Amino acid sequence: MAFATLKNRSSLYSRLGFSRALASLSIGTDLVSSAPEIALQRARTWDEGVSSKFSTTPLKDIFKGKKVVVFGLPGAYTGVCSAQHVPSYKSNVDKFKAKGIDSLVCVAVNDPYVLNGWAEKLQAKDAIEFYGDFDGSFHKSFGLTMDLSGALLGERSTRWSAYVEDGKVKAVNIEKVPSEFKVSGAELATPMYGQLLSRLKMELSSQARPKSGTPIFSSFTCSLCHVLTQLATLYDSC
């Protein structure tokens, strides 16, 4: 995106009129039951849209009974989305399949025809399922929208990713600003990563606060050290 190289992004976003809704998507959220009326639009050509009578796909058909890695981004043909976000998932499709993932899904506040052209340009249609959220209703339902009027984009999705089992969110990562690409990439979207992070939080919350002057690592239990070691190993293997 044009604003990807700007410094002091947070203050600049504020001055340019960018604002983000408070995200309600979290571990445990059931995407299907939380928004049963929401449907997305599979990426396709205009002629395919006409022949399908402009059909839509309910969330249950995308997530129910499946293991899905889903990611959202500000829009087709924008800088970080094209150069980093989609390629990170496209290049890791075999790793995801080896981990038992049924599908990789990309959702953006675009019409399905623009998304189709973009997916074809990125040569990613065979690896990733692209869905349009043309009116932003999916992202609004889970507090994932951001006002990008300063970049002439209007209300769009923020940048995020999640691992979903049978419609329920098991891990979720949301970028602070959409020009950043720190936590929403393929490397941090594995189910094991989300499970280990949850365990890490539990272990940390159960630790007694160390006495003054005590090195913090000397107060960690073997269980916590084991979780940290697993996270490090997982990161190295990605």
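The numbers here are math on the coordinates, done by the rules we state, and not lab data. Not measured: the values here are computed from a predicted model.
Quick rundown of the values:
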| item | result |
| --- | --- |
| Of Lys60/Lys121; Lys53/Lys97; Lys95/Lys176; Lys64/Lys170; Lys121/Lys170, pairs whose Cα-Cα distance is over 23 Å | Lys60/Lys121; Lys53/Lys97; Lys95/Lys176; Lys121/Lys170 |
| Cross-link reach list, aspartates and glutamates versus Lys168, counting only Cα pairs under 13 Å and skipping chain neighbours closer than eight places | Asp30 |
| Shape call, the stretch 50-201: gyration tensor on alpha carbons, a/c limit 1.5 | rounded |
